[in-house]
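The values are calculated or read from the model by the stated rules, or taken from the named source; none is laboratory data. Just so it is clear, the structure is predicted and the values come from calculations on it, not from any experiment. Ideal geometry is used to build each Cβ from the backbone, glycine not excepted, and the neighbour counts take in all protein chains shown. What goes into the accessible areas is simple: the full protein's heavy atoms, side chains included, and nothing from ligands, DNA or RNA. Shrake-Rupley method; radii C 1.70, N 1.55, O 1.52, S 1.80 Å.
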Amino acid sequence: MVLEVEAFSESLGDSLVRYQFLWLESSVWVWVNSGPSVPMGAMAVSSPIQVSAMERDPPSSILIGTLDGEFAKRLARKLAKRFGLMVYVTSGLPKNSDVLEGAAEKKILEVFVRRTKPSASTAPS
């Protein structure tokens, strides 16, 4: 098993957003944060398995945090479904920062597309 680490930052408006990805064979941990000393924030996980024929979205859960983890949970679910990986997402972005969350999500998706290929069962037809 090989662990690959990818880390970078970018300026979004007047915020510096930091990203870190820990890539394993069948899972990835994504960390996104902004600000000089923002705490770790909420952590969510999603599995690419389909629980039932009635449920189209993969199961997901907030592991650390409360309702402030909805961005992490939504992003973990989207990535697990699209790329067929177990995905952990930790977000230290400020609450109520829809523009920052949208820009960070776009950047994270770009990294996933560059690093992986959508799984055959979840690829758009």
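Brief remarks on what is shown
- Karplus (6.51, -1.76, 1.60) ³J(HN,Hα), θ = phi - 60°, over segment 18-29, in Hz, Gly and Pro reported as x: 10, 10, 9, 10, 10, 9, 10, 4, 10, 8, 8, 10
- By accessible area with a 1.4 Å probe, ligands and nucleic acids excluded, highest first: order of TYR19, TYR88: TYR88, TYR19
- Of the peptides 69-77, 92-100, the ranking by mean beta-carbon count within 10 Å, highest at the top, reads 69-77, 92-100.
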